[in-house]
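A short worksheet on the structure shown next.
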Amino acid sequence: MTPAKEVGGDLYDFFMIDDDHLALVIGDVSGKGVPAALFMMVAVSLIHHVCRGEFSPAKVLQTVNGEICARNPEEMFVTVWLGILEISTGRLTAANAGHEYPALKRPGEPFELVKDRHGFVIGGMEGMRYRDYELQLEPGGKLFVYTDGIPEANDASGALFGAERMVAALRDSEDGSPAQVLEGVQSAVAAFVGDAPQFDDLTMLCLQYNGGSPEG
């Protein structure tokens, strides 16, 4: 995460729900600075709380949306992608609340965007429902999620980095470790932007699935 200001409004986290389920979350709060950071902390805390014993990302997002809408006088909102990985099988269940498309690399194949179905943003409207979908991760596969600060990074002329350049940067470093994948994308963005000021937070998360059991 590279915030545009001293305090950022992006969120990302990963945590174990139980011995065999890993939650992955990334989001982008409307606005910037301290109000966005405080809203982000509330959203993360709610996601952690609701994920206890719940393995449906759609149900988690639905509950979190209800809680936030009930007490949101500033009318802020947050886009969220939430995935829950069953470590023993590689089955990833995910739901998307208005967030960017994730990117997936299957073994022996290049990174591709997963054009999942988007639900409405969290905090935008009461009573929203979300839909789960599944991805199968195989040993050696990688998942990349990010906020819109990556594709919307702009150079001095105002041109956007864009999803195509992001996918190209992912492919250039896809055989490396997750850290090297993140470094590759960050370097590509920096080279494109040059001396232009950073207007949005840049946040990325990369997971490599190694297969095996939770103990492995």
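Among residues belonging to segment 112-137 that are under 30 Å from S173 (Cα atoms) and either aromatic (F, W, Y) or over 14 Å from the mean Cα position of the chain (by Cα) (or both), point out the one that is surrounded by the most Cβ atoms within 10 Å (Cβ to Cβ).
L137
Which condition from (1) under 17 Å from L104 (Cα atoms); (2) part of a loop (DSSP other than H, G, I, E, B); (3) acidic (D, E) is the one that E152 breaks?
(1)
List pairs: first residue in segment 128-141 and farther than 20 Å from T63 by Cβ and at pLDDT 95 or above, second residue outside any loop (DSSP other than H, G, I, E, B) and among the hydroxyl-bearing types (S, T, Y) anywhere in the structure, Cβ distance under 9 angstrom, at least six positions apart or on different chains.
E134/T93; L135/T93
From F39, F55, grab the single residue that is surrounded by 16 or more Cβ atoms within 10 Å (Cβ to Cβ), in contact (Cβ under 8 Å) with a residue 12 or more places away in the chain and part of a loop (DSSP other than H, G, I, E, B).
Just one listed residue meets the conditions, F55.
I'd like the full set of residues that are without any contact (Cβ under 8 Å) to a residue 60 or more places away in the chain, assigned to a loop (DSSP other than H, G, I, E, B) and not small (G, A, S), limited to segment 155-179.
Correct list: D155, F161, D175.
Only one of these conditions is not met by L182: (1) among the aliphatic types (A, V, I, L, M); (2) within 25 Å of L11 (Cβ to Cβ); (3) not in a helix (DSSP H, G or I). Which number is it?
All conditions are met except number (3).
Taking the residues in segment 181-201 that are touching a strand residue (DSSP E or B) at 6+ places or on another chain (Cβ under 8 Å) and at pLDDT 85 or above as candidates, determine which candidate is surrounded by the fewest Cβ atoms within 10 Å (Cβ to Cβ).
For segment 181-201, the residue satisfying everything is Q186.
Rundown of residues vs (1) among the small types (G, A, S); (2) modelled with pLDDT of 95 or more; (3) under 17 Å from the mean Cα position of the chain (by Cα), yes/no style:
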position	(1), (2), (3)
M1	no, no, yes
L22	no, yes, yes
V25	no, yes, yes
V34	no, no, no
A43	yes, no, yes
G53	yes, no, no
A58	yes, yes, yes
V64	no, yes, yes
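Would you pick out the residues in segment 86-108 that are out of contact with any Leu (no Cβ under 7 Å at 6 or more places or on another chain) and either aromatic (F, W, Y) or within 16 Å of G211 (Cβ to Cβ) (or both)?
Scanning segment 86-108 gives E86, S88, T89, R91, K105, R106, P107, G108.
The values are calculated or read from the model by the stated rules, or taken from the named source; none is laboratory data. Not measured: the values here are computed from a predicted model. Virtual Cβ from ideal backbone geometry, glycine too; neighbours counted across all protein chains shown.
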